1. At a 1.4 Å probe, what is the % contribution of carbon and sulfur to the accessible area of the chain?
2. State to the nearest 20 debye the size of the charge dipole of the stretch 139-210 about its Cα centre, where the only charges are +1 on K and R beta carbons and -1 on D and E beta carbons.
3. Using a simple charge model, +1 on the beta-carbon of Lys and Arg, -1 on the beta-carbon of Asp and Glu, nothing else, what dipole does the stretch 64-203 show about its Cα centre, in debye to the nearest 20?
4. Count neighbours as other Cβ atoms within 10 Å of each site's Cβ, and list the trypsin sites (Lys or Arg not before Pro) in the stretch 28-118 that are DSSP loop with at most 10 such neighbours.
5. Quickly rank 151-162, 166-177 as a protection proxy: mean count of other C-beta atoms within 10 Å, highest first.
6. Would you mind checking the tilt of helix 3-14 against the longest principal axis of the Cα atoms of the chain, expressed as 0 to 90 degrees and rounded to 10?
7. On C-alpha positions alone, give me the angle between the axis of helix 65-76 and the longest principal axis of the chain, in degrees, nearest 10.
8. Rounded to the nearest 10 degrees, what's the angle between the helix 39-52 long axis and the longest principal axis of the chain, both from Cα atoms, 0 to 90?
Amino acid sequence: MSSRERILGRVRRALADVPPGEDAPVERDYLREHGERTVEETVDLLAENLADYRAVVHRTDVGSLPGVVAELLAARGASTVLVPPGLDESWLAAAEATRVPDEATSTPRELDRVDSVVTACAVAVAETGTIVLDGSPDQGRRRISLIPDHHICVVRVPGQVVASIPQALERLDPARTSTWISGPSATSDIELDRVEGVHGPRTLEVVLVR
């Protein structure tokens, strides 16, 4: 008997007592989060896990955000910055980089020539150090967060921070395409040589804004 036949046999035996025409119940009683934390501890865990994935984490408040974004763009030497249509204009008020609007007609080659992109996010997951974009107007289309080499993502805390993936899924519309980002784009070969920037930005900077 092959492994496939053994597995299918177990499935059939497990479903043997299910009446015809009825679906077998699926228990979904997994933990919604691991451990108990305060709001501050959850935000700290997010920052710790983001940094562990080699994202660069910054903390600021709303009033200082334009200055922080301008400093990050200047430090990068960015002369152009890609801007989603619904991004809060005040975030870039102090930046000197030329704004490049996110347009449907932009080609991948044109987007690759842009130095940086600034987006918001839909939600951030503390336990996994993940930020999620769902294509909302302040985040733009999926490809703008994948092609430019430098991504600045603004996360509003604590409102956009959740502890776990189950909690994040409750906030997302399953009909919308979502992009889950855990650190800069990276991969490694069989020798475990890490290469960054293969299928996304080599540099991810996350700004946690109160």
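1. Of all accessible area on the chain, carbon and sulfur atoms account for 51 percent.
2. On the way: 9 positive and 8 negative charges, 99 e Å.
Charge dipole, the stretch 139-210, about its Cα centre: 480 debye, nearest 20.
3. On the way: 12 positive and 19 negative charges, 34 e Å.
That gives the stretch 64-203 a dipole magnitude of about 160 debye.
4. Numbers: sites: Arg28, Arg32, Arg37, Arg54, Arg59, Arg76, Arg99, Arg109, Arg113; in loops: Arg28, Arg32, Arg37, Arg54, Arg113.
Here the trypsin sites (Lys or Arg not before Pro) that fit, given the DSSP loop and packing criteria, are Arg28.
5. Numbers: 151-162: 20.8, 166-177: 12.2.
So the peptides 151-162, 166-177, ranked by packing, come out 151-162, 166-177.
6. 70
7. So the inclination is approximately 80 degrees.
8. Once rounded, the angle reads 80 degrees.
The values are calculated or read from the model by the stated rules, or taken from the named source; none is laboratory data. Computed from a predicted model, the values in this text were never measured in an experiment. Note that each Cβ is placed from the backbone with ideal geometry, even for glycine, and that neighbours are counted across all protein chains shown. Please note that ligands, DNA and RNA were not included when accessible areas were found on the heavy atoms of the full protein model with its side chains. Shrake-Rupley method; radii C 1.70, N 1.55, O 1.52, S 1.80 Å.
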